[in-house]
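Presented below is the structure to which this report refers.
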Amino acid sequence: MSIAAAVTPHCRRPFLFTATRAITRITNSRTMSSSTTTSQMERYAFLAELGISQTIPQKGVCDGHTWYGSGPQHQQINPATGEVIGTVQFGTSKDYHKAVSAMLAIKDKWALTPAPIRGEVVRQIGQRLREKQQALGALVSAEMGKILAEGVGEVQEAIDICDFAVGLSRSLNGSVIPSERPGHFMMERYNPLHGCVGIVSAFNFPCAVYFWNVAISLICGNVNLWKPAETTSLVAVALVKVIQDVLKEGGHDPAIATLVCGTGKEVGEVLVQDQRIELVSFTGSTAVGRHVNQVVAGRFGKALLELGGNNGMIIDKDADLDLAVRATLFGAVGTAGQRCTSLRRLFVHEAVYEEVVGRVGRAYASVKIGDPLDRGTLCGPVHTAAAVEKFLSTVAEAKKEGGRVLVGGKVWEGKGLLKGGNFVEPTVIEMPASASVLEEEAFIPVMYVVKIASLEEGIRMNNEVKQGLSSALFTSSPSSVFEWTGPGGSDCGIVNVNIGTSGAEIGGAFGGNKETGWGRESGSDAWKQYMRRSTCTINHSKELPLAQGIEFGGNGTGEGKIMD
Ligand code: NAD
């Protein structure tokens, strides 16, 4: 199993290891293994390309015109080493209101800008992302902890959605509907929202999730405020700097894309409650999403929810096991198990169970754990020390419920600089089907394996949990494919065949059902959520017939019409 085989499915353009000088310097500096300030400056030299200082705190609020922040200073940590990469001065609720005021001032002008011109702005943003892709990818990798190929791939995803949005800006089509009344014309029009859009995002996709939202929302004619995860605030500052540069150079009002870094408790909460934020697009845990949903519903706003997943994959007896094992490895180990679509529950038919478990074990043994910025690494750290604790308690709980650890199960001790990192061993645990740990999304690289006797049993187990994000079936039987994708099949938002649970393309609508929140983002018709749909009926006749043939106040001959 090669590294390229494991990572390229996500980076749809092959990831070329032709990194910029900045990245070469990072890689070289790892071999120096010195902890002096100078070598740390060298390791993070790519920050300079992004306009981020390692020593001076970054202001975490941008209203388009100025950068400020009057909240606490937050140290941004590399989870692989524990080093402080930089500092971001958070915003407060007062800072938040200032950013919203700036957005409101430009809202109408942006909404009246023709959609293809809005698309041209997004095209330029995508172009600038291309120019900064390697440095941005390195920052995503350093601050979030995913391996460099995935960090760069995440920026590629942002570029792709910009391209998609540009095309969409010339085709925000409503439909023309036949009217039952003579001389009448019915159509749907999509207009920008009346209010602003608030985007609250999670730590694990600090770049792509924002762009899934902002690229589409911008071409739809909305002004946007982003509240990123606390622990990935440097990525947010870097991305908004890129956008601001493009907007200012192009003479567009930069308040169409504002940023408020801050805590969920203060800034997130005030955003969710703010009546002026018509659409809250929230990506994060089901626990926080439940609260967000209730608050937004209470004020009759729109909530777009992308919450926790607990993704299952079935390997049926007629599966191509080569493909299935590779997909298992990428799904469960990629991003150290910290994708919302990560593979958590593997259901294997008893006829191939021993072979699959053996091959998965051998594939796991080839996984190199280490610094995500180093090329050979396949599994980086988990994001926080709390996630390491969660890993230990989850493994203990699984054992208590009859689980047998097949691979991993322990904390991984790094050497040198990595001593300060949050590393755990990617872990496979064989579980009895009845175990309650199977019901929970633990956001760590632990995959449970369960033996099944039939496809039907696998589908039942796949659907038994409260979450409904991603699912996959490996089979060579056409009838199983149609059973799996049909009404009696998977109940998830993402239903794959012969590919794993993670690594979605931007062209499809992304999201999940049940406690994953029912939201859909990115491609297909997800754009409609960022717009206000009007059903318009235009009477171009001299009569006023009522729908359903109702006669109101007349004798049916046109005499005695009520409005005469
Ligand atoms: P989290 O819920 O802890 O935080 C998400 C965001 O919510 C952060 O920006 C946080 O500051 C903010 N927040 C916290 N309290 C808030 C409040 N009261 N009001 C408003 N905002 C508040 O999630 P996390 O740990 O950052 O991310 C991991 C979770 O996100 C996992 O469950 C994962 O499955 C999920 N996720 C889902 C998707 C998807 O598309 N379905 C994508 C990525 C991540």
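The values are calculated or read from the model by the stated rules, or taken from the named source; none is laboratory data. This one's a predicted model, so the numbers in the text were calculated from it and none came from an experiment. All Cβ positions, glycine included, derive from the backbone under ideal geometry; neighbour counts span all protein chains shown. We work out accessible area using only protein heavy atoms, side chains counted, and drop any ligands, DNA or RNA first. Shrake-Rupley method; radii C 1.70, N 1.55, O 1.52, S 1.80 Å.
Ranking 427, 315, 453 by how far each Cα lies toward the positive end of the dipole of the chain (charges on Cβ) leaves 427 at the top. When the pairs 94/248; 94/227; 399/419; 109/248; 59/241 are compared against a 21 Å limit on Cα-Cα distance, 94/248; 399/419 fall above it.
At q = 0.07, 0.08, 0.11, 0.14 Å⁻¹, what is the base-10 log of I(q)/I(0) for segment 58-306 according to the Debye formula with one equal point scatterer per Cα and no solvent? Please give it to two decimals. Values returned for q = 0.07, 0.08, 0.11, 0.14 Å⁻¹ are -0.23, -0.30, -0.56, -0.89. Listed by chain and number, the lysines whose C-alpha is less than 22 Å from the C-alpha of residue 514, apart from same-chain residues fewer than 8 away, are 302, 466, 528. Between residue 245 and residue 351, the contour length at 0.36 nm per residue exceeds the Cα-Cα span by 32.3 nm.
Working note: Cα atoms of segment 57-113, range along each principal axis, descending, whole Å: 48, 23, 15. Summing +1 for each Lys or Arg and -1 for each Asp or Glu among the other residues whose beta-carbon sits under 13 angstrom from that of residue 194 gives +3.
Across the options 485, 409, 208, the greatest Cα extent toward the positive end of the charge dipole of the chain (unit charges at beta carbon of Lys, Arg, Asp, Glu) belongs to 208. The alpha carbons of segment 424-498 give a radius of gyration and a Dmax of 13.0, 40 Å, in that order. Surface composition of the chain: carbon plus sulfur atoms hold 55% of the accessible area, using a 1.4 angstrom probe and ignoring ligands, DNA and RNA. A simple count of charges around residue 491, restricted to other residues whose Cβ falls under 10 Å of its Cβ and scoring Lys, Arg +1 and Asp, Glu -1, yields 0. The mean accessible area for residues of segment 58-306, using a 1.4 Å probe and ignoring ligands and nucleic acids, is 33 Å² per residue. Farthest toward the positive end of the dipole of the chain, out of 398, 342, 552, is the Cα of 342, where the dipole comes from beta carbon charges about the Cα centre.
Each Lys and Arg Cβ is given +1 and each Asp and Glu Cβ -1; about its Cα centre, segment 58-306 then shows a dipole of about 500 debye. Taking the Cα centre of the chain as reference, the dipole from Cβ charges on Lys and Arg (+1) and Asp and Glu (-1) amounts to some 1200 debye. What number results when the radius of gyration of segment 311-514, computed over Cα atoms, is divided by 2.2 N^0.38 Å? Dividing the Cα radius of gyration by 2.2 N^0.38 Å gives 0.98. Restricting the calculation to Cα atoms, segment 454-534 yields a radius of gyration followed by a Dmax of 13.9, 48 Å. Candidate cross-link partners of residue 542 among the lysines, defined by an alpha-carbon separation under 23 Å and a same-chain spacing of 8 or more, comprise 561. Counted residue by residue at 0.36 nm each, then reduced by the alpha carbon distance between them, the extension gain from residue 127 to residue 173 reaches 14.0 nm. Per residue, the solvent-accessible area of segment 311-514 (1.4 Å probe, heavy atoms of protein chains only, all protein chains present) comes to 37 Å². Taken as Cα centroids, segment 292-314 and segment 59-137 sit 24 Å apart, rounded to the nearest whole angstrom. Of 345, 520, the order by accessible heavy-atom surface (1.4 Å probe, DNA, RNA and ligands excluded), from most exposed downward, is 520, 345. Subtracting the Cα-Cα distance of residue 534 and residue 400 from their residue separation scaled by 0.36 nm leaves 42.7 nm. Computed over the chain, the Cα gyration tensor eigenvalues convert (square root of 5λ each) into semi-axes of 42, 33, 20 Å, ordered from largest to smallest.
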